[in-house]
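Trainee: Below you will find the structure I want to go over with you.
Where a number appears in this text, it was derived from the coordinates with a stated rule and is not lab data. Computed from a predicted model, the values in this text were never measured in an experiment. Please note: Cβ atoms are built from the backbone with ideal geometry, for glycine as well, and neighbour counts cover all protein chains shown.
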Amino acid sequence: MRWSWHVGTYRGIGVYLHATFLLLLGWIFLAHLLRGQGVLAAVGGALFLVLLFLCVVLHEFGHALMAQRYGVGTRDITLYPIGGVARLERIPREPRQELAIALAGPAVNVVIAALLFAYLALANALTAVEGLQLVGGDMLNKLMWANVILVGFNMLPAFPMDGGRVLRAVLAQRQEYGRATQTAASIGQGMAMLFGLSGLLAQQPLWLFAAFFVYLGASQEAAMVQTELAFRGVPTRGAMMTRFGTLVPEQTLADAADLLLAGPQHDFPVLENGAVVGILTREGLVKALSESGPAHRIAEAMRPAPAAVDPSASLETTFQQMREADAQSVPVVEGGRLVGLITLENIAEFLMVRSAVEQLSARSGRTGLDDSAAEGETRSRRPYWMPGRGRARG
């Protein structure tokens, strides 16, 4: 991953450390030195941060391992200065499964805090939270209270925290999934506004940062779910590109550049004996031109083609496959023959067209077409982006 280092793998899940984490580590080390506490205290402060982020890693593995129980894979876990992020391949639509996955992370911190509390109580070394300080102080007490704070913060009912997913899972047991997401997102945005107002009044920049983080996370979650719901009931053929150019491995980059300039297409399937053997992206083409020149063969600049999809496959599944493969475009193959190309740009255009027609339908109270006695026959000819057809198939 960009600006990240791989630090280990467990159960097939890679753990990465983002470069900005080192800035936080350096700041903690320097803060101790500026307080005149010496190098040993500075090393202790850095060690506390490492232990805290180890707890964050365990928190994220709580999510990941619970997700594995339900057949949901995790791409990776990345540590940032603001915390950890486990990238799940998908979020289960079954509310009880999402609830279990969301709660698994905070549950790990509860166990860690409980174990540290038991040890400190037996050692008669407990310290009240108000007796702690950011720089210096007892490391185990700070670690225990840090885990308590992690639980409290993560359980706030706002995306992207675990509490937002818990709230949605609870609401989804009584409401439609999209409506539950929107309700949970609205609550999260309301909390973000309260954070922001409190930060302004208390002159706390960190609260303002948290408010922005929560508001953005809630908005993105709502938008993502609404996008997925718009795909439901729509086959891939409803959004695929059917007019596109292709290349063969023996052609040159000059040929590809001519094709790129001749139209709006950015990614080109590379065919050999009728089979898709690769994809030449615009970025790959430009890079190869600058490094090797226009006489370079396409076979040496293309990337392996992602797994092809069937035109009858649901657009939701295809979009998920593209996200998992980190692919900008995917070939659509039927009966061994390339019949289309689905790109992220196509999908975005499909959503824009469908959204525009649905807005008109909502204002007019119609299905997007004139009423007709032959509505059943008309519906069968209705494009997939028009209101009615997707719902009928869903």
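Trainee: Can you bin the stretch 202-292 into rounded, prolate or oblate? Criterion: square roots of the alpha carbon gyration tensor eigenvalues sorted a ≥ b ≥ c, rounded for a/c under 1.5, prolate for a/b above b/c, oblate for the rest. All intermediate terms of the calculation are to be shown ahead of the outcome.
Mentor: Working: a/c = 4.04, a/b = 1.86, b/c = 2.18.
Oblate is the answer for the stretch 202-292, as a/c is 1.5 or above yet b/c matches or exceeds a/b.
Trainee: Oh, and also: Within the chain, which complete DSSP H helices have Cα atoms spanning at least 24 Å along the helix axis and a mean Kyte-Doolittle hydropathy of -1.0 or higher?
Mentor: Membrane-span-like by this rule: 38-69, 95-122, 177-202, 205-231, 344-364.
Trainee: Would you mind listing how long the stretch 259-342 runs along its three principal axes, going by Cα atoms, in whole Å with the largest first?
Mentor: Principal-axis extents of the stretch 259-342 (Cα, largest first): 40, 27, 23 Å.
Trainee: Next question. Where does the chain land at 222 nm, in deg cm²/dmol rounded to the nearest 500, when only DSSP H runs of n ≥ 4 count, each adding -39500 (n - 2.57), divided by all residues?
Mentor: Dividing the helical sum by the residues of the chain leaves -18500 deg cm²/dmol.
Trainee: While we're on this one: Can you classify the stretch 4-231 as rounded, prolate or oblate using the Cα gyration tensor, where a ≥ b ≥ c are the square roots of its eigenvalues, rounded means a/c under 1.5, and otherwise it's prolate if a/b beats b/c and oblate if not?
Mentor: prolate
Trainee: Under a Cβ-only charge scheme (Lys and Arg +1, Asp and Glu -1), can you give me the dipole magnitude of the stretch 1-93 about the Cα centre, in debye to the nearest 20?
Mentor: Numbers: 8 positive and 3 negative charges, 54 e Å.
That gives a dipole near 260 debye.
Trainee: May I pose another question? Would you work out which of Leu99, Gly45, Tyr80 lies farthest towards the positive end of the dipole of the chain? Charges go on Cβ: Lys and Arg +1, Asp and Glu -1.
Mentor: The listed residue farthest towards the positive side: Leu99.
Trainee: Here's another thing I want to ask about it. Work out the length of the dipole vector of the chain about its Cα centre, built from +1 on the beta-carbon of each Lys and Arg and -1 on the beta-carbon of each Asp and Glu, and round it to the nearest 20 debye.
Mentor: On the way: 32 positive and 31 negative charges, 159 e Å.
That gives a dipole near 760 debye.
Trainee: Between Gln173 and Val111, what is the label-to-label distance in nm when each label sits 7 Å out along the Cα-to-Cβ direction?
Mentor: Roughly 2.3 nm, to one decimal.
Trainee: Still on this structure, please answer the following. Pick out, from Ala118, Trp27, Pro331, the residue whose Cα sits farthest towards the positive end of the charge dipole of the chain, with +1 on the Cβ of Lys and Arg and -1 on the Cβ of Asp and Glu.
Mentor: Of the candidates, Ala118 comes out farthest on the positive side.
Trainee: Go through 288-297, 91-100, 53-62 and give me the packing order, highest mean Cβ count within 10 Å leading.
Mentor: My ranking of the peptides, most packed first, is 53-62, 91-100, 288-297.
Trainee: Counting pairwise Cα distances across the chain, what percent come out greater than 29 angstrom?
Mentor: Numbers: 45377 of 77421 pairs.
For the chain, the fraction of Cα-Cα distances above 29 Å is 59 percent.
Trainee: Using unit Cβ charges (K, R positive; D, E negative) and no other charged atoms, how large, in debye to the nearest 20, is the dipole of the stretch 240-344 about its Cα centre?
Mentor: Using only the charged Cβ atoms, the result is roughly 120 debye.
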